[in-house]
Amino acid sequence: MTATPLVVLVGPMGVGKSTVGALVAERLGCAYRDTDDDIVAAQGRTIADIFLDEGEAAFRATEKQAVREALAEHDGVLALGGGSVLDADTRALLAGHQVVYLSMDVEEAVQRTGLNAARPLLAVNPRRQWRELMEARRHLYTEVARAVVATDGRTPDEVAQGVLDALELKQA
């Protein structure tokens with residue numbers, strides 16, 4: 001029998017999937033897992049290094065496999081990397097899961113991430129690149145999500161509660 005995550009979080013880089021995911025898991029009394037962390041642990045290097053050394057296509061293939069494994073193995077709260085929804089197979093795998101899209105606007109992204117160069121897809125003109133990434137991805141996040149929870153101007157605790165409320169999940 002395969003496991004099924006209680007909650008799967010998707011959304012752009014810097015939206016707070018890791019922070020909120022850990023809080024939701026704590027409130028549900030279950031484990032938290034992040035596919036970006038899985039990739040870093042398996043590869044022994046940062047995602048930025050993987051991008052630089054092997055390119056985006058190689059990273060996306062690694063990410064696709066990490067998501068597939070996590071969806072099959074993990075029964076707690078799962079956070080996916082910001083670009084994981086770009087893959088059609090991954091989007092198909094997410095069907096039937098309790099997926100929540102954590103959303104934010106560009107101004108909030110600037111405040112949270114500083115749109116820093118450690119994020120490989122934002123290395124040049126980060127504000128414009130973030131907007132372009134969101135224009136390309138927003139409909140994909142919405143497509144896979146059962147619920148959307150806005151994070152703008154909200155604390156991680158408020159967002160975590162919003163996730164629980166959106167999915168009508170009871171705290172442990």
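If you take the alpha carbon atoms of the stretch 1-58 and fit the smallest convex hull around them, that volume is 119 Å³ per residue. The order of the peptides 49-58, 16-25, 89-98 by mean Cβ neighbours within 10 Å, most packed first, is 16-25, 89-98, 49-58. Computed from the C-beta positions of Ala172 and Arg131, the FRET efficiency with R₀ = 35 Å rounds to 0.35. Protection proxy ranking, highest mean first, for peptides 27-37, 71-81: 71-81, 27-37, where packing is the per-residue count of other beta-carbon atoms within 10 Å, averaged. Packing-based ranking of 141-149, 162-170 yields 141-149, 162-170, ordered from highest to lowest mean Cβ neighbour count within 10 Å.
Distance between the pseudo-spin-label points of Val40 and Glu158 (7 Å out from Cα toward the beta carbon): 2.7 nm.
Readers should treat all values here as calculations from the given coordinates under stated rules, not as data from a laboratory. Here the structure is a predicted model, which means the values were calculated and not measured. With ideal geometry, Cβ positions are generated from the backbone for all residues, glycine too; neighbour counts draw on all protein chains shown.
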